[in-house]
Amino acid sequence: MYIAFTISAICECLADHQALGNIIGKDLYKEPGLSSIFLGEGVANLATSCLGGLGACSYGESVGTIGFSRCAASSVTGVAAIMMILLGFFEPIQAFISSIPSCVIGGGTACVLYGFISSSGIKLLKDVDLNNSKNLIICSVILAIGISGITIGGSVFSLSGTALALVVGIILNLILREKKNP
């Protein structure tokens, strides 16, 4: 289970930083570089585990927030985090936030943030040559599996949704051959 979580966290981290790089117009794989990205993820996991939390990974919600706010300054994120922590100590604010129905918060999250994350992923496809049959097949199968709800496996281990689409996409990429031009 730890291996599956680690692979999933690595893939999410890479995808989030690719999407974030596209938003801010910078190749984050080069600057600050993969070693810095993974060091940051590791330090964050160490901090959360020392404070009694679970393993963490980069979150698409943060990328979505940066995408629609167009504010990527880490100082703004830090100040906002400190403000949210401090506001959590005020009972009237806790009561107000608790009074908001979870369906309203969940609906807003689903519509705005997840919609933005999906759109960012689709935007990445502009760089893919979909005139190439191999790329078109892989992209089509991944999209179909990802939204279909198909599940394989049993009660001990199963794959569904995005995870299954990822695995099938990797396998298809390995077994499908490029068509050679004469």
Only one of Gly169, Gly106, Gly149 is free of Cβ contacts under 8 Å to residues at least 60 places away in the same chain and closer than 17 Å to Ala15 by Cα, namely Gly169
For the condition closer than 29 Å to Asp127 by Cα, among the polar types (S, T, N, Q) and touching a residue at least 40 places away in the same chain (Cβ under 8 Å), what is the one hit in Ser74, Ser8? Ser8
Criterion (in a helix (DSSP H, G or I) and under 17 Å from Arg177 (Cβ atoms)) met by exactly one of Asn135, Asn131: Asn135
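Residues checked against (1) outside any helix (DSSP H, G or I); (2) not β-branched (Val, Ile, Thr):
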site: Ser62; (1), (2): no, yes
site: Thr65; (1), (2): no, no
site: Cys71; (1), (2): yes, yes
site: Ser75; (1), (2): no, yes
site: Gly78; (1), (2): no, yes
site: Ala81; (1), (2): no, yes
site: Ala95; (1), (2): no, yes
site: Ser98; (1), (2): no, yes
site: Gly106; (1), (2): no, yes
Selected residue [outside the structural domain of Leu174 (by TED's automatic domain parsing), modelled with pLDDT under 85, surrounded by 13 or more Cβ atoms within 10 Å (Cβ to Cβ) and out of contact with any helix residue (DSSP H, G or I) (no Cβ under 7 Å at 6 or more places or on another chain)] from Gly115, Gly64, Gly60, Gly106: Gly115
For the range 125-142, check the following and say yes or no: at least one residue is polar (S, T, N, Q), within 20 Å of Glu12 (Cα to Cα), without any contact (Cβ under 8 Å) to a residue 24 or more places away in the chain and surrounded by 11 or more Cβ atoms within 10 Å (Cβ to Cβ). no
Just to check your reading of the model, which residue among Ala80, Ala15 is surrounded by 13 or more Cβ atoms within 10 Å (Cβ to Cβ) and either under 30 Å from Asp127 (Cα atoms) or out of contact with any strand residue (DSSP E or B) (no Cβ under 6 Å at 6 or more places or on another chain) (or both)? Ala15
Criterion first (assigned by TED's automatic domain parsing to the domain that holds Ala15, part of a loop (DSSP other than H, G, I, E, B) and either at positive phi or not β-branched (Val, Ile, Thr) (or both)) does Gly53 satisfy it? yes
In the range 24-57, anything at pLDDT below 80 and not aliphatic (A, V, I, L, M) is listed as Gly55, Cys57
Provide a single number: the residues in the range 1-50 that are acidic (Asp, Glu), closer than 23 Å to Phe68 by Cβ and part of a helix (DSSP H, G or I). 2
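The values are calculated or read from the model by the stated rules, or taken from the named source; none is laboratory data. Note that the coordinates shown come from a computational prediction; the quantities given were computed from them, not determined experimentally. Every residue, glycine among them, receives a Cβ derived from its backbone with ideal geometry; neighbour counts consider all protein chains shown.
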